[in-house]
1. Any idea how many residues of region 88-107 are modelled with pLDDT of 70 or more and assigned to a helix (DSSP H, G or I)?
2. Residues in region 128-143: is at least one surrounded by 10 or more Cβ atoms within 10 Å (Cβ to Cβ), among the aliphatic types (A, V, I, L, M) and either assigned to a helix (DSSP H, G or I) or modelled with pLDDT under 85 (or both)?
3. For residues in region 53-86 being among the aliphatic types (A, V, I, L, M) and in contact with a helix residue (DSSP H, G or I) (Cβ under 8 Å, 6 or more places away or on another chain), which is modelled with the lowest pLDDT?
4. Determine the pairs where a residue that is at positive phi, located within region 108-124, has a partner that is among the polar types (S, T, N, Q) with Cβ atoms under 7 Å apart, the partner being 6 or more residues away or on another chain.
5. Restricting the search to region 13-58, which residues are loosely packed, with under 10 Cβ neighbours inside 10 Å and either in a strand (DSSP E or B) or at positive phi (or both)?
Amino acid sequence: MAFVRRKGNSFYLVHNVRRGGKVRQLHLARLGARVRITDDLVRKVSKKHPFVELNWKTLREQLNGQVDLANPNSPAVQKLVSSLRALNLDLADVFPPLLRISESPVVARELLVQLRLLQSTIQVKLDQFDRGRGRFSNANPPSRAR
């Protein structure tokens, strides 16, 4: 059975195998600081280790249940809020004239692509929160007509 192991600030997908009577850990993938099992990761691990059978559904369910977003003091919530604040500050420093001055038009185009992707992602998330307004009513109260 594969599992996620933390080493330092990074997470790894590992699988125990028995070789010569000893158990060894086979490192299947480096997941980074944020544990996510994407379709791309599934393809890469399956291609690199075709003889290792993994229950991807169970792994995803285990990992999805580890994030405690209900607790405002949980490390996951604190890190998310901190990352959003830092991103807001970084984006506030980006001005269109900086893109025109850029030595590389490729960098400017990539920045615009990523900003549009971020805008789309944020809009999807805001729409999801609006649909479940009762659950998040304290975070974003509806305006009242007077």
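1. Adding up the residues that qualify gives 10.
2. Among the residues of region 128-143, not one is surrounded by 10 or more Cβ atoms within 10 Å (Cβ to Cβ), among the aliphatic types (A, V, I, L, M) and either assigned to a helix (DSSP H, G or I) or modelled with pLDDT under 85 (or both), which makes the answer no.
3. Checking each candidate, the answer is 67.
4. That search, which allows pairs on different chains as well, returns nothing.
5. Once the filter is applied, which keeps residues that are loosely packed, with under 10 Cβ neighbours inside 10 Å and either in a strand (DSSP E or B) or at positive phi (or both), region 13-58 yields 18, 19, 20, 21, 22, 23.
The values are calculated or read from the model by the stated rules, or taken from the named source; none is laboratory data. Quick caveat, the model's predicted, so the values are computed rather than measured. Glycine gets a Cβ as well: all are built from the backbone with ideal geometry, and neighbour counts include every protein chain shown.
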